[in-house]
1. Given the DSSP H assignment, sum -39500 (n - 2.57) over each helix run of at least 4 residues in the chain and divide by its residue total; what's the result at 222 nm in deg cm²/dmol, nearest 500?
2. Could you tell me the calculated FRET efficiency between residue 156 and residue 176, based on Cβ-Cβ distance and R0 = 25 angstrom, to the nearest 0.05?
3. List the aspartates and glutamates whose Cα sits under 12 Å from the Cα of residue 121, skipping any in the same chain fewer than 8 residues away.
4. Taking the Cα centre as origin and putting +1 on Lys and Arg beta-carbons and -1 on Asp and Glu beta-carbons, what dipole magnitude results for the chain, to the nearest 20 debye?
5. Multiply the residue gap between residue 59 and residue 248 by 0.36 nm, knock off their C-alpha separation, and tell me the result in nm, one decimal place.
6. Taking the mean number of other Cβ atoms within 10 Å as a proxy for protection, how do you rank 285-297, 188-200 from highest to lowest?
7. For semi-axes √(5λ) of the Cα gyration tensor in Å, the listed values are (i) 28, 27, 19; (ii) 57, 17, 15; (iii) 26, 24, 20; which was obtained by calculation from the structure presented?
8. Which residue, chosen from 247, 201, 266, occupies the Cα position most advanced towards the positive end of the dipole of the stretch 177-271, where the dipole is computed from +1 (Lys, Arg) and -1 (Asp, Glu) charges on Cβ about the Cα centre?
Amino acid sequence: MAKYDVTALGELLIDFTESGLSPQGNPLLEVNPGGAPCNVLSMLTRLGHSTNFIGKIGKDMFGDLLGEALKEVGIGVEGLMIDQEVNTTLAFVHTFPDGDRDFYFYRNPGADMMLSVDDVKEDQIKNSRIFHYGTLSMTHEGCRQATKKAIQIAEEAGCILSFDPNLREPLWNSLDEAKEQILYGMGHCHILKISDNEIQWLTGEEDYDDGVRWIRSRFNIPLILVSLGSEGSRAYTESRRVEVPAYVQENTIETTGAGDTFCACVLHYVLAHGWKGFSEAELTEMLTFANAAASIVTTRKGALRIMPTAEEVQALIDA
């Protein structure tokens, strides 16, 4: 029996998010633990799953805060490494009036980039039902090789592989390099979660169905999820296409972590129901729960520490 339901590899960092103005009129920034893979694991842990994170933080106050945050929410830290030389990665998040965001990174280098091949322990991945990864751990050669080693271990162990490109343009030397690594990630996953703007950028197709066809013509990915923000989401299998509207809330304040929450709920559904060919009704149920959970997260600041319970999600669906 697997030790972990889901192991994820990637970035763990501090999101500095805007939090009003000081009495002097200066912007206040709140220190929020973040990083897409750990946001995914946080929601999965909230839903009762055993999780483990593989990544690196710095030996500094922010690294200490992040390590404590993972333990607080119940994410396994067996694979969490501390770099003695390089500081923890920082991201400054500017929120627009509609809740969308812009990111500015202090990461040249950052501790998350220092993950090496030697830091990836086979047993942690082999003892997992699902292995989840993104592309922030593929922006530079050292952590890229660590990510590819982990993917290889997961494939050889028969894990389900889940991939979220999570494109952050400023972190890449070029968008051509980003595209190359995203295509690599797609070539090895069973579950792909991709956002509306990412699929349009990657495929050059404005229509999402055409974009999915572009992906399917190149890769055999059994389950593709396209998140559409306030328009909801879609699920595509070889024979089915299901769309479910979003739960739009008047009190949305920011979208940080919404896509990660959505992704976690999809993995939760797969863990609960088994890896199989899902029916239209099952895909609808999967997307409904994931959309509702993501909607709740948009009403809260931060992500890693504020994930909703299953009861909260169901209450929104039933309302």
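Read-outs: derived from the displayed coordinates by stated rules, not from any lab. Just so you know, these numbers come straight off a predicted model, no measurement behind them. In this analysis, Cβ positions are derived from the backbone assuming ideal geometry, glycine residues included, and neighbour counts consider all displayed protein chains.
1. Result for the chain, helices only: -11500 deg cm²/dmol.
2. In this case the efficiency is close to 0.25.
3. Output for residue 121: 78.
4. Once rounded to the nearest 20, the dipole reads 720 debye.
5. 64.0 nm
6. With the highest mean Cβ count within 10 Å placed first, the list reads 285-297, 188-200.
7. Here semi-axes √(5λ) of the Cα gyration tensor in Å agrees with entry (iii).
8. Result: 266, furthest along the dipole toward the positive end.
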